[in-house]
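Enquirer: Would you mind keeping the following structure in view while I ask a few things?
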Amino acid sequence: MALPFLPGNSFNKQLGKERFHKSQHFDYSNGVPMLVGSEKPGIGGELLVGQKIKAKYSVYPKGQGSDSPSWVAFDKQALCFEAYFQEAVPEARDETYRIRKCNIFFFLEDDTIQVVEPEYKNSGIPQGTLIRRHRIPLPPPDDDQFYNISHFNLNQQMVLYSRTFTVTSCDSFTRNFLTKLGVHLNDPTTVPDDPYSNLREQAEKNMKPLRPYERRDTLKQFLDHDRKVLRFYCFWDATESTFGDPRELILHYYLADDTIEIREVITPNSGRDSIPKFLRRSKLPKHPAAQVKQPGQTAERTVLNVFSSPNQGKCFILDSIKTGAVQEEFYKDCDLTVGGEMNVFGRRVIIADCDDFTRDYYRSKYGIEDFTPVQYKASPAPKPQRLVPPYNGFGSEEDSLSSCQGLLPKPPQKDFKKFMAKDSGRPQLCFPKANIGNIFSKLRSIPEEGQSEIRKFLTLSDPSNTGLIPYEAFRSLLTGLDCRLSEHEVLVLGRRFSRREQPEVDVGLMLAVAQDLLKKKHFEELPDMTRAFTYHDRHKTGRLSAKETRTICKAFRLPLPENLLGGLLDKFADGDEIDYHALLAGINWMEHPAPPVMAEDILKFDVSARFDAGEAAVKNINYSALLEDVFCFPSNRGDPTAGTATETHGGR
């Protein structure tokens, strides 16, 4: 017995329920308030009375196998249906409607549809994609739903955006797929005839040539000899005419279509106007007619009028035996030989010579070996010898000789090297602190006792008798003397007698900096560079010359400074050759990454500095050369205190 529906006797449906919010249907999208959740549940996530939720996924039945989503299981798979629709053609004389064929593609991954109409030649209407790929809604009143696979079948109509399509057939994949889903496919139907298309097909058939058709295929000759031209050097002997002389010509014979082009060589100051062509490109007849033939007189085909009647119309056939054909001979390649003659519309042209390609062509095709050129040019007259008149005694002999060489005598050129050598003292007057002569004079002004003390100090500072002392000891000695030398002059003197040692650059640090630069420039053409190096390595030794290596690096635009690239080439050099395998492996930042370049490493290793040269720091001073050049002391490393007689010699 059921309890009466009274307060306190019925179950509370909200027992255990914690969500009583109303779903949000409005939000901002790109700053625009709009409806974004029309299909969300009503109160507390539960549907309202009469509310339905559309399926978010495919309507295909869940089968056996993996639980992959539809966009993964049916990726790049589509059903193809053939269809047509009828389109009305108002205000047209030849047609009232037309039948337009199209293909309907249904993509299984997301239930999207695309309609494409194949393009036909000279259709005159826009064709191609009629409906882009997207989900198409059903016709009203079910326009809140979309087409899915259950709506497709053969020999039925589908309304896509107010246009009725009739599905006629499908391909084998579509048929097998729908059959496995349990869909009973209807029998395919045919596409009705389009009256206007039939009319156009009949018109195109009438435009075809008459039978029997004589086919002349020149495509093979064009493909075999395209851009192959024979060149002959000719001349036209026009000496019989008034003021006539030999005219130099260049003849081009095009093997692709047996045409000839002739150009005239106009020499400078010849007195003739330059013309573009002596003969335009065309077939050259051997026996030109006296009069120009009328159009149609030299047709390639002869048409015979068999009969004509008012009832049956006219009938034409080709003349297969060519009774009325006009035979005309044209120049071929076999007619052109060195030393031969040609009739160019009444002009006698003699072939004098040809180029190397033409010789090879006739040698291989016709076996001709004699290509003796015809001499038609007079040998140039020798230049008269310019005799220098004897010196007449006026002015200098050089001026007289220069007046014989031209109307406007040119001034003699200055010897810049001699100027720099003889005038080297003047730049030093601009920089007196760097004048080594002034510095030597200050040192030589030291008394003889002071010079002896200087020599003793220098020799005692070199206990190993190497002839070198540190720069700091040399600097402290000169600054302590009363010779009034400034700090800059001491540095100039130290640079004059210094022995500079170039700092050794760490190859690992160089490779790390190079990889950092290549990585920042996104240089990813190292595999192509490897293939280029291997191609140029003919003997497969793994080494190339420094010049070839630098050329390949520049060809690929390796984004490394010139100083860094030169330093790397020196490090990987084996004699005069470069081990390119080790070089490419060292700079390959993708396969062999180097440790990251730290800030202190960048400060220690300046990429913009030169690796092979530069202002190296002055470390050691060659005091032996200093004593000999400044104080005229001979080098004596055996006994630092010996030779007082030498010490008492003058400083000059």
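Enquirer: At a Cα cut-off below 23 Å, give the lysines reachable from Lys40, other chains included and same-chain residues fewer than 8 away excluded.
Expert: Within reach: Lys13, Lys17, Lys22, Lys52, Lys54, Lys56.
Enquirer: Turning to a different aspect of this structure: Give the lysines whose C-alpha is closer than 27 Å to that of Lys418, dropping any in the same chain fewer than 8 places away, or say none.
Expert: Qualifying lysines at Cα under 27 Å: Lys410, Lys433.
Enquirer: Further question on the same structure: Which aspartates and glutamates, if any, have their Cα less than 15 Å from the Cα of Lys332, not counting same-chain residues under 8 positions apart?
Expert: Correct list for Lys332: Asp257, Asp258, Glu261, Glu341.
Enquirer: Ordered by residue, what ³J(HN,Hα) values in Hz, to whole numbers, does region 133-144 give under the Karplus form 6.51 cos²θ - 1.76 cosθ + 1.60, where θ = phi - 60° and Gly and Pro are x?
Expert: 6, 5, 7, 9, x, 6, x, x, x, 9, 6, 8
Enquirer: Can you pull the percent of region 92-131's accessible area that's carbon plus sulfur, 1.4 Å probe, other chains left in place?
Expert: Looking at region 92-131 in its full context, I get 47 percent from C and S.
Enquirer: In the structure displayed, which of Lys228/Lys277; Lys286/Lys365; Lys121/Lys220 lie more than 24 Å apart, Cα to Cα?
Expert: Lys121/Lys220, as the Cα separations exceed 24 Å there.
Enquirer: A follow-up question, please. Return the FRET efficiency for the residue pair Asp576, Thr129: r is the Cβ-Cβ distance, R0 is 41 Å, and the value is rounded to the nearest 0.05.
Expert: 0.05
Enquirer: Just how many pairs of Lys in region 479-588 have C-alpha atoms closer than 20 Å, counting pairs that are eight or more places apart or on different chains?
Expert: Pairs that pass both the separation and distance tests number 5.
Enquirer: OK, next. Rounded to the nearest whole Å², what accessible area per residue is found for region 187-274 with the 1.4 Å probe?
Expert: Ligands and nucleic acids excluded, the figure is 74 Å² per residue.
The values are calculated or read from the model by the stated rules, or taken from the named source; none is laboratory data. Because the structure is a prediction, the values reported are computed rather than measured. Positions of Cβ are generated from backbone atoms using ideal geometry, with glycine treated the same way; all protein chains shown enter the neighbour counts. Side chains are part of the model used for accessible areas, which takes the heavy atoms of the whole protein and leaves out ligands, DNA and RNA. Shrake-Rupley method; radii C 1.70, N 1.55, O 1.52, S 1.80 Å.
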